[in-house]
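Heads up: the structure comes next, in structure tokens.
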Amino acid sequence: LEDSSAEEVFRQAGFAVYCHEQVFRCLPAEMDVGTPSSRVHPVRPENRWDVQRLLHKITPSVVLQAEEPSDSQGEAKLFQVLFSDAEQGYVLYSRQGEVLGYLRILFGMHGSWLRLMMRPDAYDCTAEMLDHVLTVLGSRSSQPVYCAVREYEGGMQAVLEQQGFTPVDTYSLLVKHTTVRVREPRRKLVPGLEKRVEVAPTVSRSETLRCTPGDK
């Protein structure tokens, strides 16, 4: 939690806060049945690059550096679990076919967890996305729904509260960058063999004329 004793312990250990995340909760009694949208569709493999571009567009570089994996398979990990029974993903299209938002649902034993990303110029479409998802969650209406919002996604808090969500807690996300010593073989320096160019003495024309045979 933000400003907790646990956070102070991590700070003293060299960790630094790179982002804050506020968690909202919607209880079953406060949950309205949503309205499905024709612009919201289940995510497909061909949406991979659109969602990645959306992620990089709205996420500050310091957050990307802390959370993105550095291996070559990092980009695909976002989609590896979306087609399992534990998770579902949805994208919101504009009328021109552009991806405006992405929402991932994680189903748990005691509730559902939402991770929502919207283009800043499409925050007015957040309610449309949430309405569609609440329709999907209709069969699980007996469980609460949680949604985490980062501090750089400030345009979504008001929409969540209008949809019946209330703020619960604020968490600090911390990171500690470490370095690993790598041993390299010591290279032996071998001096290069350089051929020196010797300058041959030249004989001037005047000396040649003076030394011509018979000219005594």
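The values are calculated or read from the model by the stated rules, or taken from the named source; none is laboratory data. As the structure is a computational prediction, the values presented were derived from the model and not from experiment. Cβ atoms come from the backbone with ideal geometry, glycine included; neighbour counts cover every protein chain shown. In case anyone asks, the SASA skips ligands and DNA or RNA and just uses the protein heavy atoms, side chains included. Shrake-Rupley method; radii C 1.70, N 1.55, O 1.52, S 1.80 Å.
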> Among the residues of the range 21-58, which ones are among the aromatic types (Phe, Trp, Tyr) and open to solvent by 20 Å² or more (accessible area, probe 1.4 Å)?
Replying inline: 49
> Looking at this structure, is residue 153 touching a residue at least 40 places away in the same chain (Cβ under 8 Å), in contact with a Ser or Thr (Cβ under 7 Å, 6 or more places away or on another chain) and outside any loop (DSSP other than H, G, I, E, B)?
Replying inline: no
> Filtering the range 21-42 down to residues that are among the polar types (S, T, N, Q) and part of a loop (DSSP other than H, G, I, E, B), which residue is nearest to residue 104 (Cα to Cα)?
Replying inline: 37
>> What's the total number of residues in the range 59-74 that are open to solvent by less than 70 Å² (accessible area, probe 1.4 Å) and either outside any loop (DSSP other than H, G, I, E, B) or modelled with pLDDT under 85 (or both)?
In response: 5
> Does residue 135 satisfy being in contact with a helix residue (DSSP H, G or I) (Cβ under 8 Å, 6 or more places away or on another chain) and among the β-branched types (Val, Ile, Thr)?
Replying inline: no
>> Let me spell it out: the conditions are (1) farther than 22 Å from residue 68 by Cβ; (2) at pLDDT below 90, and residue 17 meets all of them except one. Which number is the exception?
In response: (1)
>> Restricting to the range 117-159, name every residue that is under 13 Å from residue 23 (Cβ atoms), aliphatic (A, V, I, L, M) and touching a Gly at 6+ places or on another chain (Cβ under 7 Å).
In response: 145
>> I'm trying to understand the selection: among the residues of the range 24-46, which are out of contact with any His (no Cβ under 7 Å at 6 or more places or on another chain), closer than 21 Å to residue 113 by Cβ and either at pLDDT below 90 or hydrophobic (A, V, I, L, M, F, W, C) (or both)?
In response: 24, 26, 27, 28, 29, 30, 31, 32, 33, 43
> Restricting the range 121-163 to residues that are open to solvent by less than 20 Å² (accessible area, probe 1.4 Å) and more than 26 Å from the chain's Cα centre (by Cα), which is farthest from residue 54 (Cα to Cα)?
Replying inline: 137
